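Report on the structure given below.
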Amino acid sequence: GDLLNGKNVVVMGVANDRSIAWAIAQSLAAQGARLAFTYENERVEGRVRKLAETIPGSLLVPCNVTVDEDIDKLAELLSAEFGVLHGLVHSIAFAKAEDLSGEFVDTSREGFALAHDISAYSLIAVSGRLSKLMTEGGSIMTMTYLGSERVMRNYNVMGVAKAALEASVRYLANDLGPRNIRVNAVSAGPIRTLAAKGISDFNSILKQVEEKAPLRRTTETAEVGDTAMFLISHLSRGITGEVIYVDGGYNFIG
Ligand code: 0WD
């Protein structure tokens, strides 16, 4: 396809080939987008480089979203290499393992702050800087989960961070809408990735979805990738500030 021919998109949050961000990148590349990948640190650099090299013409840029100077440098580099930016994919979250099990009431001040900084504030930080490069309008999307609106066992502080993220999507959509920049979230069903390894008892969560979701199966990253591609493309031009569920319908059952 050629829905994204001539479009420049930055993809943040590829850690390995199971990452949701990687499936999104493949869907974007299949429609002709030119991509820039950001990676958190040297720990993941090699893996991300190998993946990025399979998509000709893509850029690779370090960016730890807890560091403002990293985000400034990213904006400078994208400005130099792309000039105009059309899309931003934010697929980043983190909480300490100790805050993803047991009781939410035991969340520490530091654990709360860290989870919110990486999982919610980072969207605001990158949107603020990179939206300045979206001089032809643009589309920003992020990844969220049902734990933002329902109490899900073990999800704890990440559920509260996702609630902040989803509210941020609406406020950002309101600020950036007049510049024809849209901001949306995809709420995916549970998928076995590196991030999911942090959640205790993930198997039983997957089993529940297989039993209860209208589609009677779990979500695949490629399905999330295609919806993200739709959100980045002109096809979704009337949609902003929304949370779109890609979860086989699980969110409205039980
Ligand atoms: O079931 C799931 N896997 C779901 C994930 C269901 C619904 C939503 N999501 C969300 C996650 O909460 C996250 O926002 O999707 C997004 C992507 O998650 P993923 O693809 O499941 O997980 P993963 O492949 O681990 O990618 C997340 C990456 C980090 O990986 P690790 O596991 O190494 O922390 O986010 C990146 C990092 O690459 N990341 C950062 N990037 C820049 N700066 C930072 C940071 N400080 N911290 C984490």
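The values are calculated or read from the model by the stated rules, or taken from the named source; none is laboratory data. None of the values given here were measured: they were computed from a predicted structure. Reconstructed Cβ throughout: ideal geometry from the backbone, glycine too, with neighbour counts over all protein chains shown.
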Just give me the residues in region 19-55 being of a type in the set (K, R) and closer than 27 Å to H234 by Cα, in sequence order. R34
Filter pass, L176 being away from the ligand (no atom under 12 Å from the Cβ), in a helix (DSSP H, G or I) and either in contact with a Lys or Arg (Cβ under 9 Å, 6 or more places away or on another chain) or β-branched (V, I, T) (or both): yes
So which of T193, T142, T107 ends up being of a type outside the set (D, E, K, R), in contact (Cβ under 8 Å) with a residue 12 or more places away in the chain and in contact with an Asp or Glu (Cβ under 7 Å, 6 or more places away or on another chain)? T107
I'd like the full set of residues that are hydrophobic (A, V, I, L, M, F, W, C), outside any helix (DSSP H, G or I) and surrounded by fewer than 17 Cβ atoms within 10 Å (Cβ to Cβ), limited to region 62-92. V67, V84
Counting only residues that are more than 9 Å from the ligand (Cβ to nearest atom) and in a loop (DSSP other than H, G, I, E, B), region 179-204 contains a total of 3
Check T107 against each of (1) within 15 Å of the ligand (Cβ to nearest atom); (2) buried (at least 17 other Cβ atoms within 10 Å of the Cβ) and name the one condition it does not meet. (1)
Would you confirm, using the coordinates I've provided, whether A222 is on the phi < 0 side of the Ramachandran plot, part of a helix (DSSP H, G or I) and either within 9 Å of the ligand (Cβ to nearest atom) or in contact (Cβ under 8 Å) with a residue 40 or more places away in the chain (or both)? yes
Specify which of the listed residues (L74, L85, L3) is within 22 Å of M143 (Cβ to Cβ), touching a Ser or Thr at 6+ places or on another chain (Cβ under 7 Å) and more than 16 Å from the ligand (Cβ to nearest atom). L3
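Looking at this structure, is K207 within 13 Å of the ligand (Cβ to nearest atom), of a type in the set (K, R) and either buried (at least 20 other Cβ atoms within 10 Å of the Cβ) or more than 27 Å from I140 (Cβ to Cβ) (or both)?
no
Pick from A115, A95: which is at pLDDT 95 or above, among the small types (G, A, S), part of a helix (DSSP H, G or I) and within 11 Å of the ligand (Cβ to nearest atom)? Break it down stepwise before answering.
Working: A95 fails: part of a helix (DSSP H, G or I).
Step by step, each of A115, A95 is checked, and only A115 is at pLDDT 95 or above, among the small types (G, A, S), part of a helix (DSSP H, G or I) and within 11 Å of the ligand (Cβ to nearest atom).
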Is it the case, given these coordinates, that G138 is farther than 18 Å from H86 by Cα, surrounded by 20 or more Cβ atoms within 10 Å (Cβ to Cβ) and not acidic (D, E)? no
